[in-house]
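Okay, so here's the structure we're looking at.
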Amino acid sequence: MNPNEIAKRLRQATAERIALPAFTKTYPDFSIPQAYEAQSAGLELALSEGHTVVGYKMGLTSRAKQRDVNVFEPIRGYLLSRMEVLKGEEVSTQSRLHPRVEPEVAVVLKTRLAGKHVTVRDVRQALALVAPALEILDSRYQDFSFKLPDVIADNTSASGFMLGSHDYLDKLDELPLMGVTVKLNGVIVETGAPAAVLGDPLLSVVELAKSLARENKAIEPGMVVLTGGITTSVSFKSGDIVEVVWPTETLSFRAV
Ligand code: OOG
Ligand code: MG
């Protein structure tokens, strides 16, 4: 399978809101390296359309998420500026296929983080901000059903993200066991803590740096990194009120 062709079909599925069957159904040999090539080709398409990269995301870094999609290996994707949803903004379901939301910890770096030998200490030194966050997912595949190469090619289902305004940089030791809940129309539907993400979400940043190093890329200063869903993702539809409740801040939106 040609990575450019895959990227184009995923782009079209996003634009026309028509879900695709997973590529691995037709091409069982679709490999992980080919999938990252397709992801890069998709990024090139986005850049050629004038979009800009504002960061990266890790996925499938918690057991809950791995079970969610039956894929048991962390993956990486990129974040575009247009994906950011500001606090108070509504989230469109019209422009998405089958959106879901999940609570995450986000970090912003002040210095470059590169190479395959990055440690948690390096990550701590590079941190500018540690923020409560949520991610909006939208798989471009039918029934949200895919295998590892499919979801990598599909930029790990990335569709949106919201960052809180609180900074947990001086609470790094407490962060792993800080509770978070997800409420749908006022009802708690998921509860979790950042420790679900590899024991400490900063380890997810280490994994990201290592994964990028394989492509001679780095996490650049100012970039946002989503460290991965803490709980199972929650589907939402137009009219729903979604709240991700952190100890000091609630991130919420109305879906329209
Ligand atoms: C795959 C994306 C995974 C995460 O945080 O684990 C992800 C999916 O669930 O569609 O973003
Ligand atoms: Mg996620």
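The values are calculated or read from the model by the stated rules, or taken from the named source; none is laboratory data. Just so we're clear, the structure is a prediction, and the values are computed from it rather than from any experiment. Every residue, glycine as well, gets a Cβ built from its backbone with ideal geometry; the counts of neighbours run over all protein chains shown. Calculation scope for accessible area: heavy atoms of the full protein, side chains included, ligands and nucleic acids excluded. Shrake-Rupley method; radii C 1.70, N 1.55, O 1.52, S 1.80 Å.
Ser81 passes all but one of (1) free of Cβ contacts under 8 Å to residues at least 40 places away in the same chain; (2) open to solvent by 70 Å² or more (accessible area, probe 1.4 Å); (3) closer than 23 Å to Val225 by Cβ; (4) not aromatic (Phe, Trp, Tyr); which number fails?
The number of the failed condition is (2).
Kindly indicate which of Leu251, Leu202, Leu198, Leu226 is open to solvent by 60 Å² or more (accessible area, probe 1.4 Å), within 18 Å of the chain's Cα centre (by Cα) and within 16 Å of ligand 1 (Cβ to nearest atom).
Result: Leu198 is the single residue among Leu251, Leu202, Leu198, Leu226 that is open to solvent by 60 Å² or more (accessible area, probe 1.4 Å), within 18 Å of the chain's Cα centre (by Cα) and within 16 Å of ligand 1 (Cβ to nearest atom).
Here's the yes/no breakdown for (1) over 30 Å from Thr93 (Cβ atoms); (2) surrounded by fewer than 15 Cβ atoms within 10 Å (Cβ to Cβ); (3) away from ligand 1 (no atom under 16 Å from the Cβ):
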site	(1), (2), (3)
Ser165	no, yes, yes
Met178	no, no, yes
Val182	no, no, no
Ala213	yes, no, yes
Thr231	no, no, no
Pro247	no, yes, yes
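Give the residue, chosen from Asp122, Asp167, Asp143, Asp150, that is part of a loop (DSSP other than H, G, I, E, B) and at pLDDT 95 or above.
Asp167
Name every residue in the range 7-40 that is more than 10 Å from Ala153 (Cβ to Cβ) and assigned to a loop (DSSP other than H, G, I, E, B), in order of residue number.
Within the range 7-40, Arg17, Ile18, Ala19, Pro21, Tyr27, Pro28, Asp29, Ser31 qualify.
Could you go through the range 13-32 and let me know if any residue there is buried (at least 20 other Cβ atoms within 10 Å of the Cβ) and away from ligand 1 (no atom under 16 Å from the Cβ).
yes
State yes or no: is Pro21 at pLDDT below 95 and in contact with a strand residue (DSSP E or B) (Cβ under 8 Å, 6 or more places away or on another chain)?
Here the answer is no, as Pro21 does not meet what is asked.
Does the range 62-69 contain any residue that is part of a strand (DSSP E or B), open to solvent by less than 20 Å² (accessible area, probe 1.4 Å) and modelled with pLDDT of 95 or more?
There is at least one residue in the range 62-69 that is part of a strand (DSSP E or B), open to solvent by less than 20 Å² (accessible area, probe 1.4 Å) and modelled with pLDDT of 95 or more.
Does Ala41 count as away from ligand 1 (no atom under 16 Å from the Cβ) and surrounded by 13 or more Cβ atoms within 10 Å (Cβ to Cβ)?
When the stated conditions are applied, Ala41 passes them.
Return the residue satisfying two criteria in turn: it lies in the range 197-256 and is among the hydroxyl-bearing types (Ser, Thr, Tyr) and within 16 Å of ligand 2 (Cβ to nearest atom), and of such residues it is farthest from Pro99 (Cα to Cα).
Ser211
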